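Working notes, structure below.
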Amino acid sequence: MINEKFDAIVVGAGMSGNAAAYTMASHGLNVLQLERGEYPGSKNVQGAIMYANMLEKIIPDFRDDAPLERHLVEQRLWVMDDTSHTGIHYRSDDFNEAKPNRYTIIRAQFDKWFSRKVREAGATVLCETTVTELVRDAKDKVVGVRTDRTGGEIFADVVVLAEGVSGLLGTRAGLREMPRPKSVALAVKEMHFLPEEVIEQRFGLKAGEGCVIEAVGTISRSMAGLGFLYTNKESISLGIGCLVSDFAARMESPYVLLDTLKNHPSIRPLIAGSEVKEYAAHLIPEGGYKAIPQLFGDGWVVVGDAAQLNNAVHREGSNLAMTSGRIAAEAIVQVKSRKRPMTKQNLALYKTMLNKSFVIKDLKKYKDMPTLLHTNSRNFFTTYPQLMSQAAQNFMRVDGTPKIDKEKATTTAFIKARSRWGLLSDVVRLTCAWR
Ligand SMILES: Cc1cc2nc3c(=O)[nH]c(=O)nc-3n(C[C@H](O)[C@H](O)[C@H](O)COP(=O)(O)OP(=O)(O)OC[C@H]3O[C@@H](n4cnc5c(N)ncnc54)[C@H](O)[C@@H]3O)c2cc1C
């Protein structure tokens, strides 16, 4: 297939792989990137919010030509029951800054653009090529890869595993465990197409501005889960995800959840008249700090979702992917410039550098994410959303009931549902899990 030996082979052309390949190629390394999809982005699913700060550290002038949808000026957090939502909305004109902080993107277009940058930086990118195996030498050091193309092995000093959460290469090679059902969420998403001006009118936006809604409550049927709605230029991404272990235990189907979300009276008017053109399902790593596998070894490093570097509590993934890809690449560039071999000992520099970044610092806050997400999930995803709705309605309905009686009714409803001790224990358990 290819006879030349490379400085680095990157497996995968998602956010982490592109960040790694771009950084190494722009530092003059001879890089080969292999992607199983027909084109970069063809296999990738994301909400998607892209965090500018992390891309700026890789491609500072990305705003000149990256396919960006809308910059976000408003975020809505909704707690839903079956007929209502109680929400916090934050909107600020400060987000209409010269270099906005968060954008919605469409991954299929964005990944293609990122891949073009990787090629312009000098890397060789091969799509429709699945890496099937890692090649090791007699001392068990990874020295290259085998692919599904005829022609044998391709060699490199180091292999960057950027194969995403469902990549099988690292697990097959025994470098990490298969993600456990309680450490991964399954998310389903639809793209609802509407004219640009309809979206702007419905969400009160000016041209280019965007709004996102994130929602919890009865929509996830007591499972730990989150619904989301993101405005793109001419489409709305609408989706929902829950832990795989919950779907299995409750025999629930993600499609039914998405249908319920679409038909919720708070969501239905926002997507009315839209044309659904795309449907996708994908896993999201949600294991937190404890689930992070060994990140480096003799001749290899692992980055992004494949390394469980995903912050489910803050719904951040692509930024951790880009940052881990960039940092791994910078570590490799340093090892190379010191003329050292790509051994486990030398590649430990990646972990040292990653530990100093927000990636590990943020994930350390959520040591055991599955426990946090499962802390009394029935109460947090069903009972409290229902009680909040009842309390809000009771407060707003003017029907001659004295206010003192309304307050008593609300307090009684909460205590009846959970008892004083139940309420206290939920708060304590959530606080402990959070810490
Ligand atoms: C529904 C949904 C919504 C999300 N929303 C957001 C959001 O709003 N904001 C955010 O920051 N994050 C979000 N995320 C998370 C984000 O998408 C991921 O964190 C990010 O894509 C991880 O990047 P990655 O490069 O590690 O993996 P991926 O993007 O999954 O890329 C892996 C690539 O490797 C390729 N590959 C796999 N195996 C092989 C092989 N053997 N050979 C060759 N190629 C291979 C795949 O085809 C793929 O292109 C969301 C995820 C989902 C599923």
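The values are calculated or read from the model by the stated rules, or taken from the named source; none is laboratory data. All of these numbers come straight from a predicted model, not from anything done at the bench. Ideal geometry is used to build each Cβ from the backbone, glycine not excepted, and the neighbour counts take in all protein chains shown. Side chains are part of the model used for accessible areas, which takes the heavy atoms of the whole protein and leaves out ligands, DNA and RNA. Shrake-Rupley method; radii C 1.70, N 1.55, O 1.52, S 1.80 Å.
Residues that are part of a strand (DSSP E or B) and among the hydroxyl-bearing types (Ser, Thr, Tyr) were ranked within segment 81-95; the one that is most open to solvent (accessible area, probe 1.4 Å) is Tyr90. Tell me which residues, restricted to segment 147-195, are on the phi > 0 side of the Ramachandran plot and surrounded by fewer than 21 Cβ atoms within 10 Å (Cβ to Cβ). Listed by number, the residues that qualify are Gly151, Gly152, Gly174. The number of residues in segment 68-80 being open to solvent by less than 20 Å² (accessible area, probe 1.4 Å) and assigned to a loop (DSSP other than H, G, I, E, B) comes to 1. Of everything listed in (1) more than 22 Å from the chain's Cα centre (by Cα); (2) buried (at least 18 other Cβ atoms within 10 Å of the Cβ), the single unmet condition for Arg102 is (1). Filtered by the rule that a residue be in a loop (DSSP other than H, G, I, E, B) and in contact with a strand residue (DSSP E or B) (Cβ under 9 Å, 6 or more places away or on another chain), segment 169-195 gives Ala173, Leu175, Arg176, Pro179, Leu194.
Residue count for segment 309-337 under the criterion of being modelled with pLDDT of 95 or more and more than 9 Å from the ligand (Cβ to nearest atom): the result is 13. Summed over segment 196-244, the residues that are open to solvent by 10 Å² or more (accessible area, probe 1.4 Å), among the β-branched types (Val, Ile, Thr) and touching a helix residue (DSSP H, G or I) at 6+ places or on another chain (Cβ under 7 Å) give a count of 3.
Counting the residues of segment 196-255 that are part of a helix (DSSP H, G or I) and of a type in the set (Asp, Glu) gives 4.
Scanning segment 27-60 for residues that are over 27 Å from Asp7 (Cβ atoms), more than 11 Å from the ligand (Cβ to nearest atom) and in contact with a Gly (Cβ under 9 Å, 6 or more places away or on another chain) yields a count of 0.
Scanning segment 277-288 for residues that are part of a loop (DSSP other than H, G, I, E, B) and open to solvent by 20 Å² or more (accessible area, probe 1.4 Å) yields a count of 1.
Across segment 261-276, the qualifying residues are those that are open to solvent by 50 Å² or more (accessible area, probe 1.4 Å) and away from the ligand (no atom under 16 Å from the Cβ), and the one among them that is farthest from Ile106 (Cα to Cα) is Pro265. Filtered by the rule that a residue be of a type outside the set (A, V, I, L, M, F, W, C) and within 9 Å of the ligand (Cβ to nearest atom), segment 139-197 gives Thr147, Asp148, Glu163, Gly164, Ser166, Gly167, Lys189.
Put simply, of Thr130, Thr124 the only residue that is more than 22 Å from Asn311 (Cα to Cα), in contact (Cβ under 8 Å) with a residue 12 or more places away in the chain, of a type outside the set (D, E, K, R) and within 11 Å of the ligand (Cβ to nearest atom) is Thr130.
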